[in-house]
Amino acid sequence: MVNLVLNENMKIYRRARTWILIGLMAALVLLVNIMQWHSDGKKAQGEGWRTQLLQEKEHRIELLKKPDLEEGNRTYNLQRIAVIDYHLEHNIHTTEGTLWDGVNGSANLVLIITVFTIIIAGDSLAGEFASGTIKLLLIRPASRFKILVSKYISMLLFGILLLLTLFLVSFAVNGILYRFGFMDLPLISVTAEGIVVEKNMVLNLWKTYMLNGISTVMYVTMAFMISSAFRSSTMAIGISIGTYFAGNILLEALHRFDWSKFLLFANTDLTQYLSGHPYQEGMTLSFSIGMLAVYFLVFNLISWLMFTRRDVAA
């Protein structure tokens, strides 16, 4: 199995396309963070952050005076005021205008990782069929199941590589731009019980990156399934990327229906539980993990059935 995975990795990294995608991602991270630093870099200087927090606190106090304010918004504003007070009382700088703000913002670029990994995954099986190399692959003593698993693992490893590259490049770029200031800055947040706590910034950011990476795993699995079922890289890449970007639009349209919480798109963003604002009331982290597990098993079962039971010549 190890040799099969190494062989699949070799196929991925010996192609110029792979390195072009990695280079494009690194360039995007560099560009986005430089632009953000150019517009926000001076906010870390002086005591301007205190003034901003006081202004925000006054604004939220005014919002709380509205009698028609929804309970969820009221709770959020109260929690935000508690965080502001904690920052001011303990003289803890906010993340805005620091390297941590840039690193956290780069987590949104996980969508680029998803798209790039889908491109590789969509062509993994379909490309073998199109070029005819699948026959050479199947004459080896390894079973079709092992070949399928090795290809899937190589896709996940590629996604992990891009995720690590995103985090490390973002950290290095922002560290240089902000001169590695406020390295020991904690993350101030509020628990479900309303208690203000300090969290480790690096661990929390990496948790955010990993949770964002869950959506990458699911959509790559979908692309892999379509590639196995239809043997068309164009169809696998097109449908998976289209579904990825259309998902949020579809969720907005179907939000009023309770059954929409069972859709794949409603559960891929696990960071909604970090912010405390799930897609629908009653949704929990364990519920979303359970739904993702079901979709994950179904996608892989279809991939296995289509790849192991279909005639190569068909």
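Think of each Lys and Arg Cβ as +1 and each Asp and Glu Cβ as -1; about the Cα centre, that makes the dipole of the stretch 221-314 roughly 320 debye. Ranked by the mean number of other Cβ atoms within 10 Å per residue, highest first, peptides 163-172, 263-272 order as 263-272, 163-172.
Taking amide H as placed 1.01 Å from N in the peptide plane, the amide H of Phe182 sits under 5 Å from none that are at least 5 places away or on another chain.
Only Cα pairs under 8 Å and at least 6 apart count here; give the relative contact order of the stretch 106-204 as a rounded whole percent.
26 percent
Just need log10 I(q)/I(0) for the chain at q = 0.07, 0.10 Å⁻¹, Debye formula, equal scatterers on the alpha-carbon atoms, no solvent, rounded to two decimals. Listed by q, the Debye log ratios stand at -0.36, -0.69. The stretch 148-173 and the stretch 236-284 have Cα centres lying 24 Å from one another. In this structure His87 has an accessible area near 20 Å², from a 1.4 Å probe over the protein heavy atoms.
When +1 charges are put on Lys and Arg Cβ atoms and -1 charges on Asp and Glu Cβ atoms, the dipole computed for the chain relative to its Cα centre reaches about 1540 debye.
In the distance distribution for the stretch 137-229, Cα-Cα pairs more than 18 Å apart total 64 percent.
Against the main long axis of the alpha-carbon atoms of the chain, helix 48-64 sits at an angle near 90°.
Normalised by residue number, the volume inside the convex hull of the Cα atoms of the stretch 150-304 is 143 Å³ per residue. Expressed as a whole percent, the accessible area of the chain that falls on carbon and sulfur atoms is 65 (1.4 Å probe). Restricting the calculation to Cα atoms, the stretch 47-193 yields a radius of gyration followed by a Dmax of 24.4, 73 Å.
Evaluated at 10 °C with a viscosity of 1.306 mPa s, what Stokes-Einstein diffusion coefficient in µm²/s does the stretch 212-314 have when Rh comes from the Kirkwood expression over alpha-carbon pairs? After rounding, the answer is 108 µm²/s. Rolling a 1.4 angstrom probe over the protein heavy atoms with all chains in place gives the chain an accessible area of 53 Å² per residue.
Note on the stretch 48-98: along the principal axes its Cα atoms extend 35, 19, 15 Å, ordered by decreasing extent.
Residue separation of Phe230 and Phe257 scaled by 0.36 nm, minus their Cα-Cα distance, works out to 6.5 nm of gained length.
Quick one: plug the Kirkwood hydrodynamic radius of the stretch 162-210 (C-alpha pairs) into Stokes-Einstein at 4 °C, 1.567 mPa s, and report D in µm²/s. D, rounded to a whole number, is 105 µm²/s. Taken along its three principal axes, the alpha carbon spread of the stretch 16-110 comes to 60, 34, 20 Å, from the longest extent down to the shortest. Looking at the stretch 63-99, the trypsin sites (Lys or Arg not before Pro) that sit in a DSSP loop and have at most 16 other Cβ atoms within 10 Å of their own Cβ are Lys65. Full extension of the chain between Asn91 and Met283 yields a length gain of 65.5 nm, computed as 0.36 nm times the residue separation minus the alpha carbon distance. The angle between the Cα long axis of helix 201-230 and the main principal axis of the chain comes to about 30°, on a 0 to 90 degree scale.
The values are calculated or read from the model by the stated rules, or taken from the named source; none is laboratory data. Note that the coordinates shown come from a computational prediction; the quantities given were computed from them, not determined experimentally. In this analysis, Cβ positions are derived from the backbone assuming ideal geometry, glycine residues included, and neighbour counts consider all displayed protein chains. Please note that ligands, DNA and RNA were not included when accessible areas were found on the heavy atoms of the full protein model with its side chains. Shrake-Rupley method; radii C 1.70, N 1.55, O 1.52, S 1.80 Å.
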